[in-house]
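For reference, the structure discussed in these notes is given below.
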Amino acid sequence: MFISTGYELRPITKENVRYCMEVYDSNQDFFILTEGKPATLQSCMANINAMPPGFSKWNKFYVSFWEDNNCVAVMDFLKGYPDRECLYLGLLLVHKHWQGKGVGKRIVNAVLGVAGREGMTRARIAVCDKNTVGIKFWSGLGFAETGRSTATVGDITMNVIVMEVLCIH
Ligand SMILES: CC(C)(COP(=O)(O)OP(=O)(O)OC[C@H]1O[C@@H](n2cnc3c(N)ncnc32)[C@H](O)[C@@H]1OP(=O)(O)O)[C@@H](O)C(=O)NCCC(=O)NCCS
């Protein structure tokens, strides 16, 4: 998948995950707020293979965005979940140093464009209901609430707001 953001795109693998850890470390407040504990290298690595039961690993993307050899953001998404026409965004983390500079908006709009060209009609995110910054961010990009649910990460279950937007065609 080619995502034109202006950043170099690298898949996150067991070999390079430690280099992306800085993005996680700079956002430990987010993990403590939503999951009740900080992210670790092990939790980042666990994300490489985390996907719904029976889901094809070829449609799971866990990628990092780089500028001048600095990892500025990481993103995780599933193509075709929960149905063929939906792009499911699992996580978007922008390095604290690069937040508020349009990085997140640029990445999401590029991903919505690719998803639209690849035949998906909408994108979904489940945002922890305590994450007011995240809710504001997704709302600003046109995502609107479609329901409420719970999500389990490891041994933590959180209340989430399910939000969707139409892909860009
Ligand atoms: C939420 C997050 C992805 C936003 O990325 P970002 O690169 O900082 O956001 P942008 O600079 O592209 O901002 C886009 C819009 O979001 C809003 N926004 C971003 N950060 C904000 C903040 N801290 N407070 C209020 N609004 C904010 C801005 O209003 C901006 O709107 P504008 O374009 O009209 O100015 C980033 O802050 C982050 O990684 N947070 C921690 C993890 C998280 O909450 N991820 C999302 C849930 S999975």
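Do we have any residue at all in the stretch 109-116 that's within 17 Å of the chain's Cα centre (by Cα) and of a type in the set (S, T, N, Q)?
yes
Each row is one residue, and each column tells you yes or no for (1) in contact with a strand residue (DSSP E or B) (Cβ under 7 Å, 6 or more places away or on another chain); (2) of a type outside the set (A, V, I, L, M); (3) without any contact (Cβ under 8 Å) to a residue 24 or more places away in the chain; (4) farther than 20 Å from Ile107 by Cβ.
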site	(1), (2), (3), (4)
Thr13	no, yes, no, no
Tyr24	yes, yes, no, no
Gln28	no, yes, yes, yes
Glu35	yes, yes, no, yes
Pro38	no, yes, yes, yes
Asn47	yes, yes, no, no
Val63	yes, no, no, no
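Scanning for something under 18 Å from Leu9 (Cβ atoms), in a strand (DSSP E or B), more than 9 Å from the ligand (Cβ to nearest atom) and touching a residue at least 24 places away in the same chain (Cβ under 8 Å), does the stretch 132-151 turn up at least one residue? Break it down stepwise before answering.
Narrowing the stretch 132-151 to residues under 18 Å from Leu9 (Cβ atoms): none.
For the stretch 132-151, residues under 18 Å from Leu9 (Cβ atoms), in a strand (DSSP E or B), more than 9 Å from the ligand (Cβ to nearest atom) and touching a residue at least 24 places away in the same chain (Cβ under 8 Å): absent.
For the stretch 22-72, which positions are crowded, with 16+ Cβ neighbours inside 10 Å, over 25 Å from Val133 (Cα atoms) and of a type in the set (D, E, K, R)?
Lys60
For the stretch 1-21, enumerate the residues that are surrounded by fewer than 16 Cβ atoms within 10 Å (Cβ to Cβ) and part of a helix (DSSP H, G or I).
Arg18, Tyr19 - these are the residues of the stretch 1-21 that are surrounded by fewer than 16 Cβ atoms within 10 Å (Cβ to Cβ) and part of a helix (DSSP H, G or I).
Would you check which residues across the stretch 127-151 are loosely packed, with under 15 Cβ neighbours inside 10 Å, out of contact with any strand residue (DSSP E or B) (no Cβ under 8 Å at 6 or more places or on another chain) and farther than 19 Å from Gly113 by Cβ and list them?
Thr132, Val133, Lys136
Rule-based calculations on the coordinates, nothing more; no lab input. Computed from a prediction, not measured in an experiment: that's the story for all the values here. Note: ideal-geometry Cβ built from the backbone for every residue, glycine included; neighbour counts use all protein chains shown.
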